[in-house]
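Participant: Before I ask anything, let me first share the structure, which is written out below as structure tokens.
The values are calculated or read from the model by the stated rules, or taken from the named source; none is laboratory data. If you're wondering where the values come from, they're calculated on a predicted model, not measured in any experiment. Neighbour counts run over all protein chains shown; Cβ positions are idealised from the backbone, glycine included.
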Amino acid sequence: MGPALVTPYALTVDAGIKDLRAADHLIQLLAAELDLPEGVFGCTHLVRGDRPRVALSFTLPSEPLLRTARERLAAGEYEVTPGAPDAAGRAVIYPGVSSLMGTLTIADVLTRSAIDRVTVLGGRPGQLAPDTRLVTWDHVRPQWQDGELVLTAMPAAGGTLVPFEVPAPTPCCADH
């Protein structure tokens, strides 16, 4: 799919959000409110420094859509700046994301979505068999790496894979 984050039609939204789940929810809410078309990328970006937070970016297919989105988001009292905060965003909205439900083969994931590659955490580098099954949990969050949208998966029961990021993680030390 290529490096969508380097397009001139990108903007960053800073709503002062502290966690990924809230950022995911806000990206989806804003995309719906803006009635964004297919082909849009909505990503989260971890911002470090004196005010750690999760910024959002939207990469849009045209300048008129960028201008409209920027005006409407700024009117909503969000801090909106041009471009993406970095080239390593975590994609929440991307072409084909709605088709990544249930259990799919790696070939399905790659042909139905903007994901360029699937890797296995701790696995050997190289191509996965196209018929390898991925249990999506209906929560597929690839990340931009060197201009490619890459999904990191991990081995699961029955020779399947699951996305490394789970939809509802258990907070650290939850049982203490």
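Participant: Being assigned by TED's automatic domain parsing to the domain that holds Leu151, over 15 Å from Arg141 (Cα atoms) and out of contact with any Lys or Arg (no Cβ under 8 Å at 6 or more places or on another chain) narrows it down to one of Gly76, Gly123, Gly49, Gly102, so name that one. Spell out the reasoning first.
Facilitator: Numbers: Gly76 fails: assigned by TED's automatic domain parsing to the domain that holds Leu151; Gly49 fails: assigned by TED's automatic domain parsing to the domain that holds Leu151; Gly102 fails: over 15 Å from Arg141 (Cα atoms).
Among Gly76, Gly123, Gly49, Gly102, only Gly123 is assigned by TED's automatic domain parsing to the domain that holds Leu151, over 15 Å from Arg141 (Cα atoms) and out of contact with any Lys or Arg (no Cβ under 8 Å at 6 or more places or on another chain).
Participant: With respect to Glu63, is the statement that it is touching a Phe, Trp or Tyr at 6+ places or on another chain (Cβ under 7 Å) and closer than 22 Å to Pro37 by Cα true?
Facilitator: Working: touching a Phe, Trp or Tyr at 6+ places or on another chain (Cβ under 7 Å): yes; closer than 22 Å to Pro37 by Cα: yes.
Yes; evaluated as a whole, the condition is true for this residue.
Participant: Please find, among Asp24, Asp19, the residue that is crowded, with 19+ Cβ neighbours inside 10 Å and among the acidic types (Asp, Glu).
Facilitator: Values: Asp19 fails: crowded, with 19+ Cβ neighbours inside 10 Å.
Being crowded, with 19+ Cβ neighbours inside 10 Å and among the acidic types (Asp, Glu) holds for just one of Asp24, Asp19, which is Asp24.
Participant: Pairs under 6 Å by beta carbon, first residue under 19 Å from Ala153 (Cβ atoms) in segment 86-105, partner loosely packed, with under 15 Cβ neighbours inside 10 Å, six or more apart or different chains?
Facilitator: Close Cβ pairs (under 6 Å, with a partner that is loosely packed, with under 15 Cβ neighbours inside 10 Å) amount to Met101/Asp138; Thr105/Asp131.
Participant: What's the number of the only condition in (1) crowded, with 16+ Cβ neighbours inside 10 Å; (2) in contact with a Ser or Thr (Cβ under 8 Å, 6 or more places away or on another chain) that Met101 fails to meet?
Facilitator: Going through (1) crowded, with 16+ Cβ neighbours inside 10 Å; (2) in contact with a Ser or Thr (Cβ under 8 Å, 6 or more places away or on another chain) one by one, Met101 breaks only (1).
Participant: Quick check on my filter: what residues within segment 43-59 are within 17 Å of Leu26 (Cα to Cα) and either surrounded by 18 or more Cβ atoms within 10 Å (Cβ to Cβ) or over 20 Å from the mean Cα position of the chain (by Cα) (or both)?
Facilitator: Cys43, Thr44, His45, Val54, Ala55, Leu56, Ser57, Phe58, Thr59
Rundown of residues vs (1) at pLDDT below 95; (2) outside the structural domain of Ile115 (by TED's automatic domain parsing); (3) among the hydrophobic types (A, V, I, L, M, F, W, C); (4) out of contact with any Lys or Arg (no Cβ under 8 Å at 6 or more places or on another chain), yes/no style:
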position	(1), (2), (3), (4)
Thr12	no, yes, no, yes
Asp19	yes, yes, no, yes
Leu26	no, yes, yes, yes
Leu30	no, yes, yes, yes
Gly39	yes, yes, no, yes
Thr81	no, yes, no, yes
Ala88	yes, yes, yes, yes
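Participant: Let me ask something additional. Please count how many residues of segment 120-169 are in a loop (DSSP other than H, G, I, E, B) and surrounded by 13 or more Cβ atoms within 10 Å (Cβ to Cβ). Quick ask: steps written out before the conclusion?
Facilitator: If we filter segment 120-169 for residues that are in a loop (DSSP other than H, G, I, E, B), which is where we start, we get 121-132, 136-142, 146-147, 156, 160, 164-169.
Narrowing the set further to residues that are surrounded by 13 or more Cβ atoms within 10 Å (Cβ to Cβ) leaves 123, 128, 132, 136-137, 139-142, 147, 156, 160, 164-165, 167.
Total satisfying the criteria: 15.
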